[in-house]
Amino acid sequence: MASQSRKTYAQRGDSHHRPVVKNLLDIAESKKSNLVISADLEDTAALLKCADDLGPYIAVFKTDIDVVRDFGDDTIQGLKALALKHNFIIFEDRKLVDIGNTVQKQYHNGALRISEWADIVNLSILGGDGIVKALTETVTNPDFSFQDQRAFLILAEMTSKGSLATGSYTQQCIEVARKYPQSTIGFVATQAIATDPNESTTSSEDFLVFTTGINMKSSGDKLGQQYQTPADAVRRGADFIIVGRGIYASPNPIESAKEYQEQGWRAYLQRVNPP
């Protein structure tokens, strides 16, 4: 496991080359939150209510938009408006994986219109780095309306039992991210997996780590999900902790969000200011 960053979000934001990262780290610092809500909700009304209710406590709102039965313009405009209202960014958990030509169409101008509203999208390199090349060409094209406002995370590890996203696959994810720093800002991973930014000579090496499977009251589910606490995740290198059912399925989602926000932020402060 690589060393996790002991720099503050503000320090990392000041030196980072990507505007979307600077914005995200500024949000985290200003809201004192490294919390990502994973809103796996199945209709627009529920999705937008979740974003409105929990928006004050999160840095990132993560969607799985293809489970939304009534997805449409109301979904898109609602998410964009709430992101502005509550100052969070939107992360679509699309896990794009196909040949480059296909993912370009899925991402830009496809049925889900992802490039219009998602600041960050994740992808898998199972098909090779052509997918990253294709998406990089899309977001760096001078004619792309959201240039410098869009970025990608590579799915380098997963929290499900028996995941094959390990070893040489994870190492190749790091190599691809280094090859495309103009579009790739980090990883979905269970731990710090790349160079410690304290030791890096370039800001492009400062990759963010988003960690899924965070739950303070459960160690897993019957379908193979494995959980860890916010403190454990941040200690292992998570910059942003992703919480789903632990918040939105709780009896009081707002109070749960506040608790996860507090726990995640406390762990971050302990990491950057060790005793």
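The values are calculated or read from the model by the stated rules, or taken from the named source; none is laboratory data. Source: prediction; values computed, not measured. Please note: Cβ atoms are built from the backbone with ideal geometry, for glycine as well, and neighbour counts cover all protein chains shown. The protein model used for the area step is the full one, side chains on, heavy atoms only, and it has no ligands, DNA or RNA in it. Shrake-Rupley method; radii C 1.70, N 1.55, O 1.52, S 1.80 Å.
Please give the per residue accessible area of the stretch 69-178, computed with a probe of 1.4 Å over protein heavy atoms only, in Å².
Per-residue accessible area for the stretch 69-178 comes out at 47 Å².
If you take every residue apart from Thr211 with its C-beta less than 14 Å away from the C-beta of Thr211, what net charge results, scoring Lys and Arg +1 and Asp and Glu -1?
Local net charge: 0.
Would you list which aspartates and glutamates come within 16 Å of Lys7, measuring only between C-alpha atoms, while excluding same-chain residues fewer than 8 positions from it?
Partners within reach: Asp26, Glu29, Asp196, Glu199, Glu205, Asp206, Asp239.
Excluding Phe144 itself, calculate the net charge of residues whose Cβ lies under 13 Å from the Cβ of Phe144, where each Lys or Arg counts +1 and each Asp or Glu counts -1.
Its environment carries a net charge of -3.
If you roll a 1.4 angstrom probe over the protein chains with everything in place, what fraction of the accessible area of the chain belongs to carbon and sulfur, to the nearest %?
After summing per-atom areas, the C and S share lands at 49 percent.
How many angstrom lie between the C-alpha centres of the stretch 56-105 and the stretch 108-149?
After rounding, the separation between the Cα centres reads 13 Å.
Considering the zone a paramagnetic label at Glu42 would reach in this model (a point 7 Å from Cα along the Cα-to-Cβ line), which residues of the stretch 53-87 have amide N under 13 Å from it?
Flagged as within label range: 67-70.
Using a Cα-Cα cut-off of under 16 Å, which lysines could be cross-linked to Lys258, ignoring same-chain neighbours fewer than 8 residues away?
Lys31, Lys32, Lys217
Along each principal axis of its Cα atoms, how long is the stretch 49-135 end to end? Whole angstroms, biggest number first, please.
Computed over the stretch 49-135, the largest-to-smallest principal extents equal 39, 24, 19 Å.
Subtracting the Cα-Cα distance from 0.36 nm times the residue separation, let me have the gained length for Asn109 to Lys80 in nm, one decimal.
Gain in length upon complete extension: 8.7 nm.
Around Ser168, what is the net charge, scoring Lys/Arg as +1 and Asp/Glu as -1 over all other residues with Cβ under 15 Å from its Cβ?
-3
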